[in-house]
């Protein structure tokens, strides 16, 4: 298989927020690393005028480059979807791919209701997740450690290794109460868990990262300080991983992982399910 990097356009088109279409499209596109995709997302495409404008852009790109964009659709309006399919530009209709076979299997027609996948279906669950996000923010970066007794998980790691994004994702997506705690130089040198964490050891999960990637992240904001030099990053990562192994705290290397992957891996490893 050729490893030449080809360039292609990909359009993600939705009549609502596009979250479903983006998740599916990016997952599929990632399977073709030899292609450099330039993606654009079009949300709330709910009129013929909006849809027609995107179709025209697809035709223009095909005329100028020889290849139309890959178009990923999540639209429930049959007339709007028909504008894309009639243009013969090659469409991946994510709803049509699944809704038709499901209707046939179930013997029931779908509601064809816009926005069902991301609507507030359960007010209690929604309110609980907002409370979980509030908890994550309240206890972010070692704040309010007195509240750790309420936590489902406590994410631990050196500064800038991805603790806060992981905590917020787990709170919002799974409804878990997640805190995060930064390991400082002094705590790493002691080679033991900080006192604030020792009584919550069963809730801990460690994050680590490639030292070079950590260096890149830190230099974006703190270039020139000892905090963002290569020696410091290498030392902190080595000490943190040694501490995790010594204290039997499960940990995960996040270097090449998205926040969604990190969240799913943590839930799988800790066997914490959604609160709702």
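Each reported figure results from applying straightforward, stated rules to the coordinates on display, with no laboratory input. Bear in mind that the values here come from a model prediction, so they are computed numbers and not experimental data. Note: ideal-geometry Cβ built from the backbone for every residue, glycine included; neighbour counts use all protein chains shown.
Here are some notes:
- Working note: Debye formula, equal point scatterers on the alpha-carbon atoms of segment 123-270, no solvent; log10 I(q)/I(0) at q = 0.09, 0.17, 0.18 Å⁻¹ is -0.26, -0.93, -1.03.
- Rel. contact order, % - alpha carbon contacts under 8 angstrom, at least six apart, the chain: 14 percent
- At q = 0.09, 0.11 Å⁻¹, base-10 log of I(q)/I(0) for the chain (Debye sum, equal scatterers on each alpha carbon): -0.60, -0.82
- Square roots of 5 times each gyration tensor eigenvalue, C-alpha, segment 6-118, largest first, Å: 24, 17, 13
- Angle between the chain longest axis and helix 123-138 axis [Cα atoms, degrees, rounded to 10]: 40 degrees
- Fewest neighbouring Cβ atoms within 10 Å first, the residues 237, 89, 217 line up as 217, 89, 237.
- Degrees between helix 259-270 axis and first principal axis of the chain (Cα, 0 to 90, nearest 10): 60 degrees
- In the chain, the DSSP-assigned H stretches of four residues or longer account for a calculated mean residue ellipticity at 222 nm of -14500 deg cm²/dmol, using -39500 (n - 2.57) per stretch and the full residue count as denominator.
- Separation between Cα centres of segment 168-212 and segment 28-94, rounded to whole Å: 43 Å
- Crossing angle, helix 19-29 versus the chain [Cα axis fit, 0-90 degrees, rounded to tens]: 90 degrees
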